[in-house]
Amino acid sequence: SQLITLLTSFLILVVSINLVQAYDHTTSQLQFIERIEWISGLDIFYYLAVDGISVSLILLTAFINFLIAIYASSEKYAKKSSFLGYFLILEGLLIGTFSAFDSILFYIFFESLLIPLFLIIGIWGGANRKYATLKFFLYTFFGSVLMLISIIYLAKISGSFAIQDFYSVNLSFQEEILILLAFLIGFGIKIPMWPVHTWLPDAHVEAPTSGSVILASVLLKVGGYGMIRFMLPVTTDAGIYLSEYMIYLSLIAIIYISFVAYAQEDMKKLIAYSSVAHMGFVTLGIFTLTQQGIEGGIFQMISHGLVSAALFLCVGVVYERMHTRLIKDYGGVVSVMPKYAIVFMVFALGSLSLPGTSGFIGEFLILMGAFKKSFFVAAVASIGVILGAAYILWLYKRVIFGKIINQDVKKLIDLNNSEIFILWSLAIPILFFGFYPEPLINTIEVSINNLIEVYNLNLENYMVKNK
């Protein structure tokens, strides 16, 4: 079963790399379209395609899943074949979510993501796993039901379930506000935005390491992807009306959650809260409604996918050896695990958005978009960058440096070959995109331009109507 998982995830990664190479990023047209009638009476199609945003997220999904397959094969679990199988199912559903252009098909993929993750945490999670899975399921399911009602309503008006047909629908302002709020709850819980973020730290702490990696690196991105694909082009006027409130919610997530992260005693919980703060930058970028802001939001999603996966793996590596995640149980790790200390440093610097790492490019673009909105918003968001540096360096200092107080630390063994391969596989793209972001920017730019054009067109129509 381990060999099958490794081979399958490797093949999916190879196909995804080929997809990116074959993708023509000079056009905003959908590519590699597959459209087959599925439910004829309701005019629902099995409609898959990709644009630049989809392609980059599909590659991230395939890459992270391949690394999880390598890492998970060394983890010791009962029913290992089922454990690995759920990750392959999850990978298929994630790729489906990022490439579905029929709203019902998107909804089915989006909703089905809950099942394998629910089982991964519920069966192989920690002591409080039942509480964490139930909370995770109820939160995300509640948001999705409202989203389904909106999809059906939009399809009724447009006469089609194709997502792009929703972009030209004429809605009254009240309808737009209600639909935007429904989508916002559905996607906002997935991201998760403040104040509906409380399920995430519980789910992370109870999840096995591989579960945390896929949850932080790819699953949270589905919420941001949904906002860019559905909310901005469909509910443009309501988006402009509510964008200020969304920016303030994002700023609260960035600042307040950074303080919450700083107060944590458990390494995994600290990194889980840092995910909420970093995704606050993503929603801030999206709701600046500017080219740079949205581009920065997508860049930050990819960068955070790599960095958060790496940080959770770093916690997993020492947890496997010490069976504790409490920061106070560590200290002086550098003297016994120097290779580990080096890669952990790269990821800590990526998390605090040091120039030369991918995190810097994403946050820089988001802050540029925020400056266009207002100086105050950009200034507050900049404080979030400083707070992010504070908690991640505080974590690094306490775990890696200092005297060895706990005798168990002296018995630690440095990274083995497979851990070195996995962690450096994540470190290289973080550094590469930090110095040379152009390939990723080029891939997403034309697709974002296209969405901004749709958005501006809707805005003009709105202005004409309300003259």
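Compactness of the range 331-436 is given as radius of gyration and Dmax, 16.8, 53 Å, from Cα positions. All Cα-Cα separations within the range 390-436 were binned at 10 Å from zero, giving a P(r) of 20, 30, 40, 9, 0, each value a whole percent of the pairs. From the Cα gyration tensor of the range 186-343, with a ≥ b ≥ c the square roots of its eigenvalues, which class applies: rounded if a/c is under 1.5, or else prolate if a/b is larger than b/c, or else oblate? Here the range 186-343 falls in the prolate category. Taking 7 Å steps out from each Cα toward its Cβ at Asn170 and Phe435 produces label points 5.6 nm apart. Candidates Ile121, Phe45, Leu105 compared by Cα position along the dipole of the range 16-133: farthest toward the positive end lies Ile121, with charges placed on Cβ.
Taking every eigenvalue of the Cα gyration tensor of the range 210-300, multiplying by 5 and rooting it, what semi-axes result, largest first, whole Å? Can you show the working numbers first?
Numbers: eigenvalues 129, 48, 18 Å².
Values for the range 210-300, descending: 25, 16, 9 Å.
For the range 308-378, build the convex hull from the C-alpha positions and give me its volume per residue in Å³.
Measuring per residue, one finds 118 Å³ for the Cα hull of the range 308-378.
Rounded to whole Å, the principal axis extents of the Cα atoms in the range 1-71 read 44, 34, 14, largest first. Here the chain exposes an accessible surface that is 67 percent carbon and sulfur, computed with a 1.4 Å probe and the other protein chains kept in place.
In this structure, the residue pairs whose Cα-Cα separation is over 22 Å, taken from Lys130/Lys269; Lys79/Lys221; Lys76/Lys411; Lys268/Lys328; Lys221/Lys328; Lys269/Lys373, are Lys79/Lys221; Lys221/Lys328; Lys269/Lys373. Relative to the compact-globule estimate of 2.2 N^0.38 Å, the Cα radius of gyration of the range 92-237 comes out at 1.07.
Computed from point charges on the beta carbon alone (+1 for Lys and Arg, -1 for Asp and Glu), the dipole magnitude for the chain about its Cα centre is near 1560 Debye. Measure nothing fancy, just the Cα-based angle from helix 173-190's long axis to the longest principal axis of the chain, in degrees from 0 to 90, nearest 10. Around 20 degrees separate the two axes.
Counting Cα-Cα pairs of the range 67-152 in 5 Å increments starting at 0 gives whole-percent bin shares of 3, 13, 20, 20, 19, 13, 7, 3, 1. Relative contact order for the chain using alpha-carbon pairs under 8 Å, separation at least 6, rounded to a whole percent? That works out to 16 percent. Using only Cα atoms, find the angle between the long axis of helix 417-435 and the longest principal axis of the chain, and express it within 0 to 90 degrees, rounded to the nearest 10. With both axes taken from Cα atoms, the answer is about 50 degrees. Ligands, DNA and RNA excluded, the heavy atoms of Arg398 present near 60 Å² of accessible surface to a 1.4 Å solvent probe.
Remind me, relative contact order of the range 215-360 in percent, using alpha carbon pairs under 8 angstrom and six or more residues apart? If you can, show how the numbers build up before the last one.
Values: 139 pairs, mean separation 33.7, N = 146.
Value for the range 215-360: 23 percent.
Between the range 231-302 and the range 345-370, the alpha-carbon centres lie 14 Å apart.
Sequence gap at least 6, Cα distance under 8 Å: using those rules, report the relative contact order of the range 308-458 to the nearest whole percent.
Numbers: 145 pairs, mean separation 57.2, N = 151.
Normalised by residue count, the contact order of the range 308-458 is 38 percent.
Each principal axis of the chain carries a Cα extent, and these read 73, 51, 42 Å when sorted largest first.
Using a probe radius of 1.4 Å on heavy atoms only, what accessible surface per residue do you get for the chain? Whole Å² is fine.
Numbers: 17990 Å² over 467 residues.
For the chain, the solvent-accessible area averages 39 Å² per residue.
As I understand it, the value is the acute angle between the Cα axis of helix 438-465 and the longest principal axis of the Cα atoms of the chain; what does it come to in degrees, rounded to 10? The answer is roughly 40 degrees.
Quick one: grab the alpha carbon gyration tensor of the range 264-317, order the square roots of its eigenvalues as a ≥ b ≥ c, and give me rounded if a/c is under 1.5, else prolate or oblate depending on whether a/b is larger than b/c. Oblate is the answer for the range 264-317, as a/c is 1.5 or above yet b/c matches or exceeds a/b.
The values are calculated or read from the model by the stated rules, or taken from the named source; none is laboratory data. For clarity, every value in this text was computed on a predicted model and none was experimentally measured. Using ideal geometry, Cβ is built from the backbone for each residue, glycine included, and neighbour counts are taken over all protein chains shown. Only protein heavy atoms, including side chains, enter the accessible area calculation; ligands, DNA and RNA are left aside. Shrake-Rupley method; radii C 1.70, N 1.55, O 1.52, S 1.80 Å.
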